[in-house]
Amino acid sequence: MLTLKQLRYFNALANSGHFGRAADAVGITQPALSMQLREMEAELGGALVERTSAGAVLTDLGRAVAARGA
């Protein structure tokens with residue numbers, strides 16, 4: 001089951017587009033943020049973000065989750 005904490009972390013990533021900045025915004029480490037996002041992806045059955053060298057771009061599933069959380 002998704003948690004409010006995970007949704008808050010995902011929202012920070014969706015808004016910033018960068019794992020490090022999102023982690024700073026919610027006061028956790030980048031590896032902890034990545035782990036929570038991977039758990040969300042496993043729960044939802046698909047990738048929420050495309051990880052790039054420049055940061056993170058929301059996938060179609062990620063945009064759908066972000067739209068529901070807005």
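The values are calculated or read from the model by the stated rules, or taken from the named source; none is laboratory data. Worth saying up front: this structure is predicted, and the values here are computed from it rather than measured. No Cβ is skipped: glycine too gets one built from the backbone with ideal geometry, and neighbour counts run over all protein chains shown. All accessible areas refer to the heavy atoms of the entire protein, side chains included, with ligands and DNA or RNA removed. Shrake-Rupley method; radii C 1.70, N 1.55, O 1.52, S 1.80 Å.
Quick notes
- In the chain, the DSSP-assigned H stretches of four residues or longer account for a calculated mean residue ellipticity at 222 nm of -20000 deg cm²/dmol, using -39500 (n - 2.57) per stretch and the full residue count as denominator.
- Here the chain is assigned +1 on the Cβ of each Lys and Arg and -1 on the Cβ of each Asp and Glu. Its dipole about the Cα centre then comes out at about 160 debye.
- Global dimensions of the chain from alpha-carbon coordinates: Rg and Dmax equal 10.6, 30 Å.
- For the range 53-62, 3J(HN,Hα) computed residue by residue from phi via the Karplus equation (6.51, -1.76, 1.60; θ = phi - 60°) reads 5, 8, x, 9, 10, 5, 7, 4, 5, x Hz, glycine and proline entered as x.
- Using the 1.4 Å probe convention, the accessible area of the chain works out to 61 Å² per residue with neighbouring protein chains retained.
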